[in-house]
Structures are given as structure tokens and as C-alpha cells.
């Protein structure tokens with residue numbers, strides 16, 4: 001059975017990403033230095049929570065390697081953004097695009113695990129993952145044509161999509177529990 005702490009990690013990851021996305025959308029005039037540091041902080045937190053989720057759920061999630069890869073990349077990016085924000089502020093569009101592309105592909109692939117256990121909104125996870133990947137691709141193709149305000153809006157929208165996907169994945173976790181832990185209910189002796 002999935003421990004409540006794992007669900008809390010997943011929920012907090014989704015909420016942290018949505019909050020960061022809203023901050024980026026509400027403060028488009030912020031400097032790239034501030035955005036770089038904030039993204040570093042929230043990405044680090046998200047990576048740690050995703051790593052904890054991977055530790056607790058690796059035995060029954062078929063695509064758990066993608067969760068591990070994603071969490072390691074988030075931790076590395078978070079620490080890097082927080083420690084070298086001046087240098088990375090100029091590279092932020094390219095780095096964000098790479099991260100968003102990898103996250104989008106990973107989330108789209110994981111959505112098929114949710115389909116396999118009967119989660120009805122699996123297609124929404126696929127769609128949002130594909131949108132994140134497309135946004136990442138466009139950020140990679142034109143990394144330096146995007147100004148500070150436009151970059152804040154693109155980053156905010158992309159991060160909100162990833163947060164929504166994490167929360168949808170949390171909702172679909174019940175399907176995994178039912179499918180993979182149904183045998184526990186059969187073994188219980190109700191005397």
C-alpha cells in the first residue's frame with residue numbers, strides 16, 4: 001500500500017509547482033536573477049519530493065526509472081540555479097526548455113501506466129505531457145529570442161502544467177493501489 005507520506009510528497013510537489021508558476025505569471029517584470037533563484041528553490045524541493053516518491057513506489061510503478069531520472073535532474077537544476085543564478089539567468093530559456101521537454105516526455109510516457117490500471121483521466125496526463133514537451137522544444141529552438149516578461153509567462157505556464165500533472169497523478173494513484181494491492185484485501189481474516 002502507498003504510504004500517506006508518499007501521497008503528501010506528490011501533493012506538495014504539485015502544489016509547489018503550481019505556486020511557482022503563479023509567481024512567474026503574476027510578476028513578469030521580475031529579473032531573470034530572481035526567477036532563476038526561485039526556480040532553483042522550487043525545483044530543488046520538487047526534486048527531493050519526487051525522489052522520496054520514487055523510493056516509496058519503485059517496487060510497483062513500471063516506469064519508476066523515469067521518476068528517478070526526473071527527480072535527479074530536478075535536484076541538479078535546483079542546486080545549480082540557486083548557486084549560479086547570474087550565469088544561468090542568461091541560459092535560463094535553454095535550460096528550462098530542456099527540462100520541460102524531458103519532463104513532458106516522461107509524464108506522457110507515465111500516463112500509459114495510469115491507462116493500464118483504468119484511470120479515466122490518463123489521456124489528460126498524455127495531453128499535458130505533450131504540451132509541456134512541445135513548449136520545451138520551442139524554448140530550445142529559440143532560447144534567446146524570448147524577453148524577460150515573455151519568459152516569465154512561458155515558464156509560469158509550463159510549471160503550472162507540470163504541477164497539474166502531478167496532482168492528477170496523485171488522484172490516479174488509487175487505481176495503482178487497487179490493482180497492485182488487491183491481494184492484501186483477500187488475505188485478511190475477518191474473524
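Readers should treat all values here as calculations from the given coordinates under stated rules, not as data from a laboratory. Just so it is clear, the model here is predicted, and its values are computed rather than measured. Cβ atoms come from the backbone with ideal geometry, glycine included; neighbour counts cover every protein chain shown.
Kindly put 45, 155 in sequence by how many other C-beta atoms sit within 10 Å of each C-beta, fewest to most.
On the way: 45 18, 155 28.
Fewest-to-most ranking of 45, 155: 45, 155.
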* To do: Extending each Cα 7 Å along its Cβ direction at residue 34 and residue 109, get the distance between those two points in nm, one decimal.
  => 3.7 nm
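Tell me, what is the FRET efficiency for residue 84 and residue 171 to the nearest 0.05, using R0 = 45 angstrom and their Cβ-Cβ distance as r?
Numbers: r = 37 Å, r/R0 = 0.81.
With a Förster radius of 45 Å, E is 0.80.
Sort 90, 53 so that the residue with the fewest other Cβ atoms within 10 Å of its own Cβ comes first and the one with the most comes last. It would help to have the intermediate numbers written out before the result.
Numbers: 90 12, 53 27.
Least to most surrounded, the residues fall as 90, 53.
Using Cβ counts within 10 Å as a stand-in for footprinting exposure, how do 26, 52 rank, fewest first? Before the final figure, lay out each step's value.
On the way: 26 10, 52 18.
Ordered from fewest to most neighbouring Cβ atoms within 10 Å, 26, 52 come out as 26, 52.
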* Efficiency by 1/(1 + (r/R0)^6): what FRET value for residue 134 and residue 94, r their Cβ-Cβ distance, R0 = 22 Å, to the nearest 0.05? -> 0.85
